[in-house]
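Participant: Can you keep this structure in mind? I'll have questions shortly.
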Amino acid sequence: MSRQFIPSGDELKNLLSQNQCTPGSINSVLRARGVFCPNSDKTNTIPCLMKSLLSPSESLELMDNIKTSEKLDRVNFRNFSIDKDQEILDVISGVIDDDAIRPQPFEN
C-alpha cells in the first residue's frame with residue numbers, strides 16, 4: 001500500500017479484518033478518539049471505525065502495526081544431544097550446508 005492511501009469503506013473493512021490487525025490496535029485508535037466499546041472484540045470495534053473515516057496518522061498507525069506483525073519471523077529451535085567429543089559442524093552437517101560456513105583452505 002502507498003503511504004498516501006487512506007482506506008475507507010470495503011478497503012478499511014478488509015484492512016481491519018486481517019489477522020495482523022489486532023483488537024488492541026483497533027481499540028487504541030478508538031480510545032484516542034474518546035470512543036470506548038464495552039467489548040474489545042473485533043465484531044464490535046470494526047463497525048465503530050467504519051462509521052467514521054480514519055485520519056492519515058491513524059491509518060499509518062494501523063498499517064505500521066500490520067507491517068510490523070508481518071515482518072516478525074518465527075524462529076525454530078532444535079535440540080541436539082552430543083554424546084562424544086565432536087566438532088559441532090560434523091554434528092549439524094545434515095541440517096545446514098556446512099560448506100557455506102566452513103572456511104575453505106584455498107579461497108580468499
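Participant: Of the residues 90, 98, which single one is surrounded by fewer than 12 Cβ atoms within 10 Å (Cβ to Cβ), among the acidic types (Asp, Glu), at pLDDT below 85 and in contact with a helix residue (DSSP H, G or I) (Cβ under 9 Å, 6 or more places away or on another chain)?
Facilitator: Residue meeting the stated conditions: 90.
Participant: Could you tell me how many of the residues in segment 7-32 are surrounded by 14 or more Cβ atoms within 10 Å (Cβ to Cβ) and of a type in the set (Lys, Arg)?
Facilitator: Selection size over segment 7-32: 1.
Participant: If you don't mind, there's one more thing I want to ask. Which one of the conditions (1) at pLDDT 80 or above; (2) in contact with a helix residue (DSSP H, G or I) (Cβ under 7 Å, 6 or more places away or on another chain) does residue 65 fail to meet, given that it meets all the rest?
Facilitator: Single failed check for residue 65: (1).
Participant: Which members of segment 14-71 meet the condition of being β-branched (Val, Ile, Thr), under 18 Å from the mean Cα position of the chain (by Cα) and part of a helix (DSSP H, G or I)?
Facilitator: Matches in segment 14-71: 26, 66, 68.
The values are calculated or read from the model by the stated rules, or taken from the named source; none is laboratory data. These figures come from a predicted structure and were not determined experimentally. Virtual Cβ from ideal backbone geometry, glycine too; neighbours counted across all protein chains shown.
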